[in-house]
Amino acid sequence: MKKVMKYILASKSPRRKELLDLMGIKYEIVVSNADETFEEGLTIEEQSKRLGYIKAKKVFDTTNGNRIVIGSDR
């Protein structure tokens, strides 16, 4: 039996939604509501990677099944 991969966007960003729509990907939106406090001493690039990971991880931990969680920040 073939397992279906579910795509989850961990963001309410209209732009990220638009990009997935343009690619024709079927997905669901699960907003992470993660703490987006900046960590002192990190560059903006490091902050962005860190926050994207935190958002995706939080949604991954609260969902189940065969899934890919897409988390991003600025």
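Could I have the simple spin-label model distance between Lys3 and Thr43, label points 7 Å from Cα toward Cβ, reported in nm to one decimal?
3.6 nm
Taking only Cα atoms, what is the 0 to 90° angle, nearest 10, from helix 44-61's long axis to the longest principal axis of the chain?
That helix lies at roughly 40 degrees to the long axis.
List every residue whose amide H lies under 5 Å from the amide H of Tyr7, counting only residues 5 or more places away in sequence or on a different chain, with H placed 1.01 Å from N in the peptide plane.
The answer is Glu28, Ile68.
Once P(r) over Cα pairs in 5 Å bins from 0, in percent is worked out from the coordinates, which option in (1) 3, 16, 24, 21, 17, 10, 5, 2, 1, 0; (2) 3, 19, 29, 29, 17, 3; (3) 3, 15, 19, 15, 12, 12, 10, 7, 4, 2, 1 does it equal?
(1)
Summing Lys, Arg as +1 and Asp, Glu as -1, what charge do residues with Cβ under 15 Å from the Cβ of Asn64 carry, Asn64 excluded?
In short, +3.
How far apart, in nm, are the 7 Å Cα→Cβ label points at Lys26 and Arg67?
With each label placed 7 Å out from Cα toward Cβ, I get 1.6 nm.
At a Cα cut-off below 24 Å, give the lysines reachable from Lys57, other chains included and same-chain residues fewer than 8 away excluded.
The reachable lysines, counting only those whose Cα sits under 24 Å from Lys57, are Lys3, Lys6, Lys12, Lys17, Lys26, Lys49.
Given contacts defined as C-alpha pairs under 8 Å and at least six residues apart, what's the relative contact order of the chain, whole-number percent?
Once divided by the residue count of the chain, the mean separation gives 43 percent.
Go ahead and collect, in residue order, the members of the stretch 44-74 whose backbone nitrogen is under 16 Å from a label point 7 Å along the Cα-Cβ direction of Asp35.
Answer for this model: 50-59.
Kindly list the residues of the stretch 52-66 that lie in the label zone of Lys17, defined by a backbone N under 20 Å from the point 7 Å along the Cα-to-C-beta vector.
Label zone hits: 52, 55-56, 59-60.
Please give the calculated 222 nm ellipticity per residue for the chain, where each DSSP H segment of at least 4 residues contributes -39500 (n - 2.57) and the sum is spread over every residue; nearest 500 deg cm²/dmol?
Mean residue ellipticity, 222 nm, calculated: -12000 deg cm²/dmol.
Every number in this text was worked out from the coordinates using simple rules, so none of it is lab data. Values in this document were obtained by computation on a predicted structure and should not be read as measured data. A quick note on method: Cβ atoms are made from the backbone with ideal geometry, for glycine too, and the neighbour counts reach across all protein chains shown.
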